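K.L.:
Attaching a single structure in structure tokens format; questions to follow.
The values are calculated or read from the model by the stated rules, or taken from the named source; none is laboratory data. This one's a predicted model, so the numbers in the text were calculated from it and none came from an experiment. Backbone-built Cβ (ideal geometry, glycine too); neighbour counts: all protein chains shown.
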Amino acid sequence: MFPTPIARTAPWVQRIYKWLLPVALVLWLLPLIGIAVTSIRPSSDLAAGNYFGWPSGFNFIENYSTVFENSNIGWYILNSFKVTIPTVVGAVGLSCLTGYALAVYKFRSNLIVFFMFVAGNFVPFQILAIPVRNLTLSLGMYNTTTGLVMFHVAFQTGFCTLFMRNFIKGLPFALIESARVEGVSEWKIFWHIVMPLMRPAIAALSVLIFTFIWNDYFWATVMAQSADVRPVTAGMNELKGQWKVAWELIAAASIIAALPPVAMFFLMQKHFIAGLTLGATKG
Amino acid sequence: MAGLRRKRWNQRTYAPWLFLAPGMLMFSIYVVFPIFQSIWISFYDWDGLGPKTWVGLDNYANLLDDESFYTSLQNNLIWLLLYLLAIPAGLAVALFLNQSVTGIRLYKSLFFFPFVISQVVVGLIFSWFYAPDFGLLPKIIGFLTGSEIAVLADERYATYGVIAAGLWPQIAYCMILYLTGLNNINPEQVEAARMDNAKGWSMLWHIIIPQLRPATFIAMVVTVIGALRSFDLISIMTVGGPYGSTRVLSYFMYEQALSEYGVAMGYGAAIAVVLFAIMLVFISIFIVRMLQQERNG
């Protein structure tokens, strides 16, 4: 193990380390702690210039309910779910198929197709934006959650295919071979033999894509115009303009907007990190 | 029997294409074709609604005379260089946290936290952190130097202020990659090197970092792509200002072609093509490297 395990070091090093850990964490999360404390301050604190001192009151319920009463944030959150959940289902579903095809079958253009997905995943959004917006307009899906979902599903299929293909490559191929010898059809092999083994990959990808799409801001801005389709990221930008100096409300709204992916992360931590660090150990 | 074998052979020939069809179709329509369409649009003068007029390379020639283009390009370079600091910084944090004391798992999760939050919220948090009159940073600077600085309102510092906000989640990302890498280091090699009296820096440099190469590669990929994709933070924190000094190509393109007043589709497409060309250099390097790994095993 590197660095040397702390238990094997001198007692004074151990003591410093135990003390340094929480201090470093507080410094690292200082901006976040600041915004969390601000979100429960009474607005009189901010008016009196008490930005960093102990809050003069605990206004959690007042501030958070004001956010919901004075803004469309409830709608924005709902819109975010309406975009995020179908995208997760669509992109993960499609990539189970593409990933399987690229991992299991040997055909001449296999690597070309695979690297098309990988490369497409890295392109800047701006090179897609004008044609994608025009296409969405001509399909009558502009300013709808369906339009956003269609694009997100297509784009995320790139990353998901990379992920699924590498995951399936790691499965024992003998399983598929013996099923073929038994005369099981290709679809049944996929559905009954491989799919059940893909559960961890599906879980990992689902949390990752959920977070990516929930946090998307560019496409939310470009493809959604009105409040009834706007996801929460684009909505936050609007609220920032609306509330200007009411930082206790902006802070509370930020916390609300950040909550779903944070909850997802803490509930599914193992899968989340397994997904994110794919490839960080081999190769 | 022969008939059966041929049927199975056929099935195995067309099956992959059936599995690929829906995904490839979607990906082609929304990702592959639009790239070529954008390149095509960049040769036109077009307001997005009326007829297109062919102007050849005029949009690109205009770019070369546009000061905003050079500002954006320069800022993209600054982003790229400073963002790379996330890699050593992430490694440093990972080394700090790679211990097995009680509660370390929770510490690791909380250090990773900034990456989970959307960049919109990160941007708001840092806007607040930098805000003149009441932000924490001006207070600290004021305490140390006697004069407060409004980071985001000052042309000299605004871009660096935005990049610092971006580094926060990016360091967390690199940290988690390195923690996973450190977890998979060959302990025998480390112990053998310890026997040979290797420690500290020489151990890190000669034994640990070479074994972390896969993690470093991924950290490079996500950091370079992240730096060149920067858009959210600029839009939230500075809207490209003050006086356009924090523009990068992605934001400049948005202003020209996608924002409320942006109707210069051809010009915007040309900016996008330049950004795409820059990223293509990196994408090619990454793909070649991944292809080599693919061939080797």
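K.L.:
Sort out which residues of the stretch A:140-153 are without any contact (Cβ under 8 Å) to a residue 12 or more places away in the chain and under 22 Å from the mean Cα position of the chain (by Cα), and write them in order of number.
P.N.:
So the first thing to find is which residues in the stretch A:140-153 are without any contact (Cβ under 8 Å) to a residue 12 or more places away in the chain, and the list is A:140-141, A:146.
Residue satisfying the conditions is A:Thr146 alone.
K.L.:
If I filter the stretch B:92-113 for residues that are under 19 Å from the mean Cα position of the chain (by Cα), within 15 Å of B:Leu233 (Cβ to Cβ) and aromatic (Phe, Trp, Tyr), do I get at least one hit?
P.N.:
No, the stretch B:92-113 contains no residue that is under 19 Å from the mean Cα position of the chain (by Cα), within 15 Å of B:Leu233 (Cβ to Cβ) and aromatic (Phe, Trp, Tyr).
K.L.:
Taking the stated definitions as given, is B:Leu95 within 8 Å of another protein chain (Cβ to nearest Cβ) and assigned to a helix (DSSP H, G or I)?
P.N.:
Yes; evaluated as a whole, the condition is true for this residue.
K.L.:
One residue is enough: does the stretch B:69-76 have a residue meeting the conditions part of a helix (DSSP H, G or I), in contact (Cβ under 8 Å) with a residue 60 or more places away in the chain and within 13 Å of chain A (Cβ to nearest Cβ)?
P.N.:
Keep residues of the stretch B:69-76 that are part of a helix (DSSP H, G or I), which gives B:69-76.
When the remaining residues are screened for being in contact (Cβ under 8 Å) with a residue 60 or more places away in the chain, the result is B:69, B:71-73, B:75-76.
Within this subset, residues satisfying the condition of being within 13 Å of chain A (Cβ to nearest Cβ) are B:72, B:76.
Yes, some residue in the stretch B:69-76 is part of a helix (DSSP H, G or I), in contact (Cβ under 8 Å) with a residue 60 or more places away in the chain and within 13 Å of chain A (Cβ to nearest Cβ).
K.L.:
All but one of (1) touching a Pro at 6+ places or on another chain (Cβ under 9 Å); (2) more than 10 Å from chain B (Cβ to nearest Cβ); (3) not hydroxyl-bearing (Ser, Thr, Tyr) hold for A:Phe159; which doesn't?
P.N.:
Looking at each condition in turn, A:Phe159 falls short on (1).
Residue-by-condition table, conditions (1) touching a residue at least 40 places away in the same chain (Cβ under 8 Å); (2) within 30 Å of B:Ala257 (Cβ to Cβ); (3) small (Gly, Ala, Ser); (4) touching a strand residue (DSSP E or B) at 6+ places or on another chain (Cβ under 8 Å):
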| position | (1), (2), (3), (4) |
| --- | --- |
| A:Ser138 | no, yes, yes, no |
| A:Arg165 | yes, no, no, no |
| A:Gly183 | no, no, yes, no |
| A:Ile202 | yes, no, no, no |
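K.L.:
What's the total number of residues in the stretch A:238-252 that are of a type in the set (A, V, I, L, M), touching a Phe, Trp or Tyr at 6+ places or on another chain (Cβ under 8 Å) and within 10 Å of chain B (Cβ to nearest Cβ)?
P.N.:
2
K.L.:
Could you check the stretch B:98-170 for helices (runs of 4 or more DSSP H) lying wholly inside it with 2 or more residues that are more than 8 Å from chain A (Cβ to nearest Cβ) and over 24 Å from A:Ala252 (Cβ atoms)? Spell out the reasoning first.
P.N.:
Values: elements: B:104-116, B:119-130, B:136-145.
Filter on the stretch B:98-170 gives B:104-116, B:136-145.
K.L.:
Does the stretch B:1-9 contain any residue that is within 11 Å of chain A (Cβ to nearest Cβ), more than 30 Å from A:Leu21 (Cβ to Cβ) and part of a loop (DSSP other than H, G, I, E, B)?
P.N.:
Within the stretch B:1-9, not a single residue is within 11 Å of chain A (Cβ to nearest Cβ), more than 30 Å from A:Leu21 (Cβ to Cβ) and part of a loop (DSSP other than H, G, I, E, B).
K.L.:
Sticking with this one: Kindly indicate the residue of the stretch B:194-210 that is more than 9 Å from chain A (Cβ to nearest Cβ) and assigned to a helix (DSSP H, G or I) and also surrounded by the most Cβ atoms within 10 Å (Cβ to Cβ) among those meeting that condition.
P.N.:
So the residue we want is B:Ile209.
K.L.:
Taking only the stretch A:98-118 into account, find how many residues are more than 22 Å from the chain's Cα centre (by Cα), facing chain B (nearest Cβ under 7 Å) and closer than 9 Å to A:Met164 by Cα.
P.N.:
Qualifying residue count for the region: 1.
K.L.:
Specify which of the listed residues (B:Thr102, B:Thr145) is more than 30 Å from A:Ala48 (Cα to Cα) and of a type in the set (Val, Ile, Thr).
P.N.:
Step by step, each of B:Thr102, B:Thr145 is checked, and only B:Thr102 is more than 30 Å from A:Ala48 (Cα to Cα) and of a type in the set (Val, Ile, Thr).
K.L.:
Return a yes/no flag: does the stretch A:214-237 have any residue that is crowded, with 23+ Cβ neighbours inside 10 Å, in contact with a His (Cβ under 8 Å, 6 or more places away or on another chain), within 11 Å of chain B (Cβ to nearest Cβ) and assigned to a helix (DSSP H, G or I).
P.N.:
So far as the stretch A:214-237 goes, yes, one or more of its residues are crowded, with 23+ Cβ neighbours inside 10 Å, in contact with a His (Cβ under 8 Å, 6 or more places away or on another chain), within 11 Å of chain B (Cβ to nearest Cβ) and assigned to a helix (DSSP H, G or I).
K.L.:
Could you tell me which numbered condition B:Val32 fails, if it satisfies all but one of (1) farther than 30 Å from A:Ala280 by Cβ; (2) surrounded by 14 or more Cβ atoms within 10 Å (Cβ to Cβ); (3) modelled with pLDDT of 95 or more; (4) not small (Gly, Ala, Ser)?
P.N.:
(1)
K.L.:
Hey, another quick one. Of all residues in the stretch B:35-44 being assigned to a helix (DSSP H, G or I) and not polar (S, T, N, Q), which is surrounded by the most Cβ atoms within 10 Å (Cβ to Cβ)?
P.N.:
Taking the candidates together, the pick is B:Ile41.
K.L.:
So, one more: Any residue in the stretch A:179-199 that is in a helix (DSSP H, G or I), among the small types (Gly, Ala, Ser) and more than 19 Å from the chain's Cα centre (by Cα)?
P.N.:
yes
K.L.:
Inside the stretch B:217-270, can you point out the residues that are in contact with a helix residue (DSSP H, G or I) (Cβ under 7 Å, 6 or more places away or on another chain), of a type in the set (A, V, I, L, M) and assigned to a loop (DSSP other than H, G, I, E, B)?
P.N.:
B:Val248, B:Leu258, B:Ala264
K.L.:
Answer yes if at least one residue in the stretch B:228-249 is within 11 Å of chain A (Cβ to nearest Cβ) and farther than 21 Å from B:Val120 by Cα, and no otherwise.
P.N.:
no
K.L.:
Counting only residues that are among the aliphatic types (A, V, I, L, M) and assigned to a helix (DSSP H, G or I), which one in the stretch A:9-26 is nearest to B:Phe129 (Cα to Cα)?
P.N.:
A:Val26
K.L.:
Taking B:Ser259 and the conditions (1) facing another protein chain (nearest Cβ under 7 Å); (2) closer than 19 Å to A:Ile127 by Cα; (3) at pLDDT below 90, which numbered condition does it fall short on, given that it satisfies the others?
P.N.:
(1)
K.L.:
Taking the stretch B:171-188 as the search range and keeping residues that are out of contact with any Ser or Thr (no Cβ under 7 Å at 6 or more places or on another chain) and assigned to a loop (DSSP other than H, G, I, E, B), which one is farthest from B:Phe217 (Cα to Cα)?
P.N.:
So, considering only residues that are out of contact with any Ser or Thr (no Cβ under 7 Å at 6 or more places or on another chain) and assigned to a loop (DSSP other than H, G, I, E, B), the one farthest from B:Phe217 (Cα to Cα) is B:Asn186.
K.L.:
I'd like the full set of residues that are away from chain B (no Cβ under 14 Å) and in contact (Cβ under 8 Å) with a residue 24 or more places away in the chain, limited to the stretch A:41-67.
P.N.:
Answer for the stretch A:41-67, where residues must be away from chain B (no Cβ under 14 Å) and in contact (Cβ under 8 Å) with a residue 24 or more places away in the chain: A:Pro42, A:Asn59, A:Asn63, A:Tyr64, A:Thr66.
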